[in-house]
1. I want to confirm something. Restricting to the range 6-43 and keeping residues that are among the β-branched types (Val, Ile, Thr) and not in a helix (DSSP H, G or I), which single residue is modelled with the highest pLDDT?
2. So which pairs qualify, if the first residue must be in the range 60-73 and in the same structural domain as Leu48 (by TED's automatic domain parsing), the second must be among the small types (Gly, Ala, Ser), the Cβ gap must be under 9 Å, and the two must be at least 6 apart or on different chains?
3. Identify all residues within the range 65-82 that are in contact with a strand residue (DSSP E or B) (Cβ under 7 Å, 6 or more places away or on another chain) and at pLDDT below 80; write none if there are none.
4. When the residues of the range 51-76 are narrowed to those that are of a type in the set (Gly, Ala, Ser) and either in a strand (DSSP E or B) or surrounded by fewer than 14 Cβ atoms within 10 Å (Cβ to Cβ) (or both), which ends up farthest from the chain's Cα centre (by Cα)?
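The values are calculated or read from the model by the stated rules, or taken from the named source; none is laboratory data. Everything quoted here is computed from the prediction, not taken from an experiment. Quick reminder, even Gly has a Cβ in these numbers, built from the backbone with ideal geometry, and neighbours come from all protein chains shown.
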Amino acid sequence: MADIDMLKQQLLALQANCAAVVQIIESTVSLLDNIEKSVPVTQPDLCLHPKETLQDARTMGSPTRWRCTLCDEFLEIANDQIPQRAKQEIN
């Protein structure tokens, strides 16, 4: 009879583990449903640095420095190449 009790305990433990896995999967699916369709760019090589996403990051040593808000890369672009509406200071 001890073997049957041990088997029953092992099956109940397996059942609890399966229930935990189901909860993890449901939570993960729920998180994925809430993620926006447009994933932000995190690799500067893939970013096109649209002019409307550029912020003014000029300093005394870098008078043509801009920061792309999509990929957080700093760019050296002449001021006359940036449209007036994109000139936003980072402060």
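1. So the residue we want is Ile35.
2. Between residues of the range 60-73 that are in the same structural domain as Leu48 (by TED's automatic domain parsing) and residues that are among the small types (Gly, Ala, Ser), the close pairs are Thr64/Ala78; Arg65/Ala57; Trp66/Ala57; Trp66/Ala86; Arg67/Ala57.
3. In the first step, residues of the range 65-82 are kept if they are in contact with a strand residue (DSSP E or B) (Cβ under 7 Å, 6 or more places away or on another chain); the result is 65-69, 74-77, 82.
Result: Ile77, Ile82.
4. To start, the set of residues in the range 51-76 that are of a type in the set (Gly, Ala, Ser) comprises 57, 61-62.
After this cut, where a residue has to be either in a strand (DSSP E or B) or surrounded by fewer than 14 Cβ atoms within 10 Å (Cβ to Cβ) (or both) as well, the list is 61-62.
Numbers: Gly61: 32, Ser62: 29 Å.
Looking at residues that are of a type in the set (Gly, Ala, Ser) and either in a strand (DSSP E or B) or surrounded by fewer than 14 Cβ atoms within 10 Å (Cβ to Cβ) (or both), I get Gly61.
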